[in-house]
1. Let me have the relative contact order for segment 34-120, percent, based on Cα pairs under 8 Å that are six or more residues apart.
2. Using the basic label-point model (7 angstrom from Cα toward the beta carbon), what is the Asp77 to Gln47 distance in nanometres?
3. In square nanometres and to one decimal, what's the mean projected area of the convex hull around the Cα atoms of segment 34-120?
4. Take Leu10, Leu51 and order them by how many other Cβ atoms sit within 10 Å, fewest up front.
5. With +1 on the Cβ of every Lys and Arg and -1 on the Cβ of every Asp and Glu, and nothing else charged, how large is the dipole of segment 34-120 about its Cα centre, in debye rounded to the nearest 20?
6. Within segment 39-61, find all residues whose amide N lies under 20 Å from a label point positioned 7 Å from the Cα of Lys85 along Cα-to-beta-carbon.
7. For a quick check: with amide H placed at 1.01 Å from N, whose amide H comes under 5 Å from Asp77's, ignoring anything fewer than 5 positions away on the same chain?
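Coordinate-derived values only; no laboratory data. Quantities reported herein were computed from a predicted structural model and do not represent experimental measurements. Positions of Cβ are generated from backbone atoms using ideal geometry, with glycine treated the same way; all protein chains shown enter the neighbour counts.
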Amino acid sequence: MTLNKNMMNLIVAAFVATIFLNLVSTGHTAEPRRVVVEIRGFKFVPQRPALAPGDIVVWINKDIVPHTVTAKDGSWDSDLIEVGKQWTTKITRGMATDYFCAYHPMMKAGFSVSPTPAASIQTPPNRSGIASTQVPANTEPTR
Ligand SMILES: [Cu+2]
């Protein structure tokens, strides 16, 4: 049966293509994560978020005076961030993670950078979550 064999080949090809597309899309199409750090009350909030390479961090100055976001080792620097303004940077592997405000050196903060990009450490949707938390109904007839 040539027709059936062709159909079978088509089904196999479609199946393989689906798997391939799933593999390709995993971890490569995720939007960069945007993390906001507010500067208020002479503090960086959150003080030490967990970040990953590729994350976009936005420091927003919600304080009453200008501040800076300056790497402790001087390797990166926002320069002056006026009240109501913001500064954005992209997290890269190996970048300095401790920073302070050049105008108020007691304002210290930082972040951690995970070794893998955010896209590959995201938890996949838990398909069995509902089933595993459900208490099975007692089907035993009561006699
Ligand atoms: Cu400051």
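1. Value for segment 34-120: 35 percent.
2. Reported label-point gap for Asp77 and Gln47 is 2.6 nm.
3. Average projection, Cα convex hull of segment 34-120: 4.9 nm².
4. Least to most surrounded, the residues fall as Leu10, Leu51.
5. 220
6. Residues passing the 20 Å test: 39-45, 57-61.
7. Close amide H contacts, sequence-distant or interchain: Ala71.
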